[in-house]
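Colleague: I have a structure I would like to understand better, so I am pasting it below and will then ask my questions one at a time.
The values are calculated or read from the model by the stated rules, or taken from the named source; none is laboratory data. Keep in mind the model is a prediction, meaning the values are calculated, not measured. Virtual Cβ from ideal backbone geometry, glycine too; neighbours counted across all protein chains shown. The protein model used for the area step is the full one, side chains on, heavy atoms only, and it has no ligands, DNA or RNA in it. Shrake-Rupley method; radii C 1.70, N 1.55, O 1.52, S 1.80 Å.
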Amino acid sequence: MTKSLSTFYQAAISMNRTLSLDEKDHLRIILCKGRVGLMNAQVKVDIISGFLGAGKTTLISKLLRESFSGEKVVLIENEYGEVGIDGPLFREKSVEVWEINSGCICCSLVGNFIEAVLEVVKTYKPNRIIIEPTGLAKLSDVIKACQKAIAQNNVLALNMVATVVDVLNHPSYLEEFGDFYQDQIVNAQTIILSKTQDSDRDRVDKVINSVYGLNPQASLISTDWERFRGDDILEIVELNRGLFSWISSFQNNNLKKLNPKLFEFWGVETDKIYNQSQLNIYLGALRNEEVFGKIIRGKGLLQTSLNQWIQFDYVQGNYSFREARPERVSRICFIGQKMNQHMLKELFDSQPVKIKTL
Ligand SMILES: Nc1nc2c(ncn2[C@@H]2O[C@H](COP(=O)(O)OP(=O)(O)OP(=O)(O)O)[C@@H](O)[C@H]2O)c(=O)[nH]1
């Protein structure tokens, strides 16, 4: 598959026009005009952005599993709250993880971030640094922060600026978070749609039109991730680069930052042991906005019995569980608006309370 794809990209590139692979390989990849160019990066800097719960961590896990063979990779992970949940996920993979928590690398932690990048280069001498900003980060500011780090060490080169777009929630995020949400799309060099397997064709097409309308320059990947490998994604992104022209034209337009006060964070570390069927009820109950406020995103790494741990992911009312490796303590965090933190505490950090499910 990689071989035929490569040939196809080359053809697209040499023709320098927009092509869709839809009919051919059932892949729907739109290559943009004028984005071709190679860089001899000594340390590639890849930014993988996307709104809360879009699928950044899932995509990075896939890339780590299926790509980068022989490369030394360091992941700089920025989680919004103090309770890091995703870090342990990566520990089992062959990657060094730097966590920067309790703030955003695009604003309050920009200095820490630049220091971290420079320190990572010195300490690990990696081939590639992957940066996963929080879902609330403003991509144009993350790019600026990377450029500042690059200006201080010319061994670094910006390689990939990708944004993961959740097709299930794109329309509502666009409406609710407007300019801020658009900033992640407008400034991406590659846009990778997630959750397309859970959407019908019509919805995916509408999201493609919307995204493409916002950023006609971007390459867009809308295939279900199960159907192609991390290597293929990298190939699309890295072949279709032309970053130099793109960097100089990236959009900032003095957009207002998303007011962090609009969002609240609640998290807890606890040695409580949870019961999965109860958790099912609790997470289902969170849909009740009148009681809990608006819960946009939640995650937890929880102990369910002596040796059993699970991770849950909650995104806009949908949630899933998967097995996890044992940790020191259970951790939970939620991000939302006008959240009823008292009720969250009652539910997840105290004795079970009686709740009404929707
Ligand atoms: N079905 C489906 N689920 C997905 C896909 N991508 C991500 N998910 C699920 O969406 C949830 C959130 O995914 P994450 O990868 O943690 O999202 P994230 O962007 O890192 O989230 P934040 O940590 O909030 O920034 C998890 O339950 C994933 O399993 C996808 O392409 N298809």
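Colleague: Which of the aspartates and glutamates could a cross-linker span from LYS338 if the Cα-Cα distance has to be under 13 Å and same-chain partners fewer than 8 positions apart are dropped?
Modeller: In chain and number order, the partners are GLU264, GLU289, GLU290.
Colleague: Would you calculate the separation in nanometres between label points at GLN341 and GLN197, each defined as 7 Å from the Cα along the Cα-to-beta-carbon direction?
Modeller: 3.8 nm
Colleague: Given 0.36 nm per residue, what is the gain on full extension from LYS294 to SER277 after removing their alpha carbon distance, in nm?
Modeller: So the extension gain works out to 3.8 nm.
Colleague: Taking just the alpha-carbon atoms of segment 264-349, what radius of gyration and Dmax come out, in angstrom?
Modeller: Final numbers for Rg and Dmax: 12.0, 36 Å.
Colleague: How high is the FRET efficiency from GLU238 to LYS206, r the C-beta distance, R0 30 Å, rounded to 0.05?
Modeller: Using R0 = 30 Å, I get an efficiency of 0.55.
Colleague: Given a 1.4 angstrom probe, I'd like the percentage of the accessible area of segment 264-349 that is carbon and sulfur, rounded to a whole number.
Modeller: Here carbon and sulfur together make up 44 percent of the probe-accessible area.
Colleague: Please quote Rg/Rh for segment 144-230 to two decimal places, taking the Kirkwood radius as Rh and restricting both calculations to Cα atoms.
Modeller: Expressed as Rg/Rh, it is 1.04.
Colleague: May I ask for the equivalent-ellipsoid semi-axes of segment 132-180, computed as the square root of five times each C-alpha gyration tensor eigenvalue and listed largest first in whole Å?
Modeller: Ellipsoid semi-axes (Å, largest first): 28, 11, 7.
Colleague: Under 17 Å between alpha carbons, and skipping anything fewer than 8 positions from LYS272 in its own chain: which aspartates and glutamates qualify?
Modeller: Within the straight-line limit of under 17 Å, LYS272 reaches these aspartates and glutamates: GLU327, GLU346, ASP349.
Colleague: Cross-link list LYS44/LYS144; LYS44/LYS299; LYS62/LYS125; LYS62/LYS144: which exceed 19 angstrom alpha carbon to alpha carbon?
Modeller: LYS44/LYS299; LYS62/LYS125; LYS62/LYS144
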